Amino acid sequence: MAVPILKQGQYLIASIQDALTDADLQQLRDALVAQVGRHRSRGVIVDITALDVMDSFAVRTVRDIAHMTRLRGAETVIVGMQPEVALSVVQLGLTLEGVHAALDLEEGLAFLDEKANAVRGGRPGG
Amino acid sequence: MGERQPAAESAGGFAVSRRSGRVSPDEAQEIAVRADADIVVARQRGRELAASLGFGPTDQTLIATAISELTRNIVLYAQRGRIVLKAIVGQGGKRGIMVVARDDGPGIPNVEQALQSGFSTSGGLGLGLPGVRRLTDEFHIASEVGHGTTVTVKKWNR
């Protein structure tokens, strides 16, 4: 099943609703990377609250999404990882290096806003 | 390809009656693995069985994740195989779940190497088997080149 992607201002929000197959995950990755360009988005939020399993493929695909969108000028934040899922990811020995994470959608949006403000006002001495 | 193997027919026979919550250790359910969509099916069945055996949400997730990795190995390396899920009873009557992942694929030439972190021949993360080992309580692998691989894991409900 396809993951709905909502455009909110300069951000894209992908909200995973159900278990995803490998093909679904790859489709989400490609759609996000394409839409970052189409909407000139500065940030991407992937809401994984409903994801009950994150195995090595899911972790790798999320990492790819973050790295690929960054190369297109948008930061990705993962929000909503369940505590059990976090434990399984750690036990599997997987890392989400270079991927931002936040507790929930609200925190994720706040993080992206902060980042955007820092880019605008973060000049030396400013 | 679309033809169902006899093995798949028994997949509907759940080992546990969810209504009575009683566990019959003799029954097993088998899931035919042929495509990546079967990875989701196998891990969801595993989670259901674990839940019905009284495993908490954390263990359910660890079991489902282990099944996901084992099933993906079948799809990646052998294209097709089977996942068998079984309720088991251990010493002192403790309950557990056994997962058997079996394929008739190419087999693993060097099992010891495959169990080391960082080893992979499919361009994956190379953490599949060591990760599964960490997620479960008991881990056993038998592999013969040209004949296939069978991985058996158990997790006990504490």
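Computed from the coordinates by the stated procedures, all read-outs in this text should not be read as laboratory data. These figures come from a predicted structure and were not determined experimentally. Glycine also receives a Cβ, built like all others from the backbone with ideal geometry; neighbour counts cover every protein chain displayed.
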So which lysines can residue B:94 reach, going by Cα to Cα under 26 Å and dropping same-chain residues fewer than 8 places off? B:86, B:154, B:155
Stretchable slack from residue B:147 to residue B:35, in nm (0.36 nm times residue separation minus alpha-carbon distance): 38.3 nm
Can you check what the Kirkwood hydrodynamic radius comes to for chain A, Cα pairs only, in Å to one decimal? 14.8 Å
Please list B:65-71, B:92-98, A:61-67, A:81-87 highest first by mean number of surrounding beta-carbon atoms within 10 Å per residue. B:65-71, A:61-67, A:81-87, B:92-98
Taking the Cα-to-Cβ direction at residue A:118 and at residue A:72 and moving 7 Å from each Cα, how far apart do the two end points lie in nm? 2.3 nm
Once you put a point 7 Å from the Cα of residue A:17 and another 7 Å from the Cα of residue B:138, both along the Cβ direction, what distance in nm separates them? 4.2 nm
Within 10 Å of each Cβ in B:36-42, how many Cβ atoms from other chains are there, averaged over the peptide? 4
How shielded is A:18-27 by partner chains, expressed as the average number of their Cβ atoms within 10 Å of its Cβ atoms? 3
Fraction of beta bridges assigned by DSSP in the stretch A:5-120 that are antiparallel (%, nearest 5): 25 percent
